[in-house]
1. Compute the distance from the alpha-carbon center of region A:72-91 to that of region B:84-104, in whole Å.
2. If you plug each phi of region B:144-155 into the Karplus form 6.51 cos²θ - 1.76 cosθ + 1.60 with θ = phi - 60°, what whole-Hz ³J(HN,Hα) values come out, in order, with x for Gly and Pro?
3. Could you name the lysines whose alpha carbon sits less than 25 Å from that of A:Lys6, not counting residues in the same chain fewer than 8 places away?
4. Roughly speaking, what is the centre-to-centre gap between region A:2-65 and region A:105-153 when only Cα atoms are used, to the nearest Å?
5. Round to a whole number: what % of the accessible area of the protein assembly as shown belongs to carbon and sulfur, probe 1.4 Å?
6. Where the label is 7 Å out from Cα toward Cβ, how close does B:Gly170 come to the same position in every other copy, in nm, shortest first?
7. Taking both sides together, what accessible area is buried at the B/A interface, probe 1.4 Å, expressed in Å² and rounded to the nearest 100?
8. Over all distinct alpha-carbon pairs, what is the Kirkwood Rh of region B:192-296 in angstrom?
Number of protein chains: 2
Amino acid sequence: MSLPDKVRVVEVGPRDGLQNESVSVPVDVRVGLIEALADAGLSSIEVGSFVSPRWVPQMAGTAEVLSALRPRPGVAYSVLVPNLKGLDEALAAGAREIAVFGAASESFSRRNINCSIEESLDRFAPVAEGALSAGLKVRGYVSCVLDCPYEGPVAPEAALRVAERLLAMGCYEISLGDTVGTGTPVRARRLVETIAERVPVERIALHFHDTYGQALANLLACLELGVSVVDSAVAGLGGCPYARGAAGNVATEDLLSMLHGMGIETGVDIGAVVEVARAISRHLGREPASKVSRAMAVTEVAVP
Amino acid sequence: MSLPDKVRVVEVGPRDGLQNESVSVPVDVRVGLIEALADAGLSSIEVGSFVSPRWVPQMAGTAEVLSALRPRPGVAYSVLVPNLKGLDEALAAGAREIAVFGAASESFSRRNINCSIEESLDRFAPVAEGALSAGLKVRGYVSCVLDCPYEGPVAPEAALRVAERLLAMGCYEISLGDTVGTGTPVRARRLVETIAERVPVERIALHFHDTYGQALANLLACLELGVSVVDSAVAGLGGCPYARGAAGNVATEDLLSMLHGMGIETGVDIGAVVEVARAISRHLGREPASKVSRAMAVTEVAVP
């Protein structure tokens, strides 16, 4: 098996995770969560988004979160920014990195942000430009890269078109999102092969939801192609396991278990992440969605 | 990716699953479960074991289960048999297939069945011989093929020695058990490569527990080596997710989702398996451990 020596894990629990939880988590708890994740060794953490609190009440107070975080050398805190107003707020709050996004599916783009893919990219171009000229780093997300909840299968070429546009805007990294979690190893691999024809593989990240329990298998198939950046959420945040199906991101601790077990370095302490997972899950009033966190709660067996 | 066209799924929920549940399930419910699994297209089902009910009360009544099952052409019902007394009972109940087992770890063998590996194999040899001479098929399990809960990592060669002995006894298939669920893709693959040096790959089956959420990734790595038989348990039976960690077998429906999503045929109807998973989980008073079953309960998205 050809695998990378190191993987950078991008922790998205405080943003993509919490924004999909039914319970809104207050600012002080979110700050504590993020500091604990950084203490555990996570060096890339998405901490919130500057979308309207009317749309996403869970992300209200992102400016306060960002301001409260202690700066740490080598740790990047990013925020999702949908428009120029959001960029202004992010800059005012001292953001050093933002993320912009586009969907690979026309229907999803229209239903999610009420405009076409093309219109959304036109809207993001000045956001990225403004951020770059202010010295910020910009990361790009492509959602629905494999399947769309409204259209079904998405052609890899559709994801590639959006990825190329985001790259042309100056994004340093393109994160490919299996938003629905219906991906399979064969299709995930074909997607990465297609994207890698035009995007350098070291600038490709994977962002897979674990709705159907397939995320680790899909990630493994893509790691073998040389991808070395993976998004994940502590405790599998983002999918209340009973109310809406376990639709969250792949759990950071499950990902770490696979990576460390194969001798791949991440710089992250899995035991510390499990502690964080338990703490935030207690706050949400449920068990972590992660099997590693559950298993470590009841067994003495050392985690790889 | 080099993958098999077809995979035979061996359903072990009614035995390995239920024997590890804290609730004992009555005979009539077990018979209904097995019939429903066969209706769903599963052609190999392990239905119980002839161990002492003092040790494993959950498997009491296996003779009644076996007698109550309607014979179906093309469907094999097997029972675990630990000794000659168990073989007599299995024969009396009309068994057509049995399974015997050995551990790859000395400590596990001693703690689990109170004898050395060598002694256990000596004890199983006449069981297999008796079964074969009565015209039965015999399947062999090797447990703790990757890690032992008492000793830690297990050398692939230790698993190979037991596999070869079981093969020499006349087992038609050797099922390699990651009993602890701490395996990783790299180690699982190395194990299969070692076993395949002496055991034809078409006679190798995989039996991975999903304690740490790694089973599908580990299975994927081994399918690429040509293995085409996988054990699984409907609903991920065998690990109450809260009381003891989610320590069950990989869920049949999660496995089917991966296999079907890659175009691999199994002959099994995943929708029907999800129905069975929900029914038996209701009986046990909990949610299925399977993400596919949970997701299908709340979403309209088609499962691959």
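1. 64 Å
2. Ordered by residue, 3J(HN,Hα) equals 6, 6, 10, 9, 10, x, 9, 9, x, x, 10, 5 Hz.
3. A:Lys137, A:Lys291
4. 20 Å
5. Working: 10860 of 21580 Å².
Carbon and sulfur: 50 percent of the exposed surface of the protein assembly as shown.
6. Label-point distances to the other copies, shortest first: 7.6 nm.
7. Working: alone 12510 and 12500 Å², together 21580 Å².
Using a 1.4 Å probe on protein heavy atoms, the buried area is about 3400 Å².
8. Working: mean 1/r = 0.0703 Å⁻¹.
So the Kirkwood estimate lands at 14.2 Å.
The values are calculated or read from the model by the stated rules, or taken from the named source; none is laboratory data. In this text the structure is predicted, and so the values were computed from the model without any measurement. For neighbour counting, all protein chains shown are included, and Cβ atoms are generated from backbone atoms with ideal geometry for every residue, glycine included. Ligands, DNA and RNA are excluded from the accessible area calculation, which covers all protein heavy atoms including side chains. Shrake-Rupley method; radii C 1.70, N 1.55, O 1.52, S 1.80 Å.
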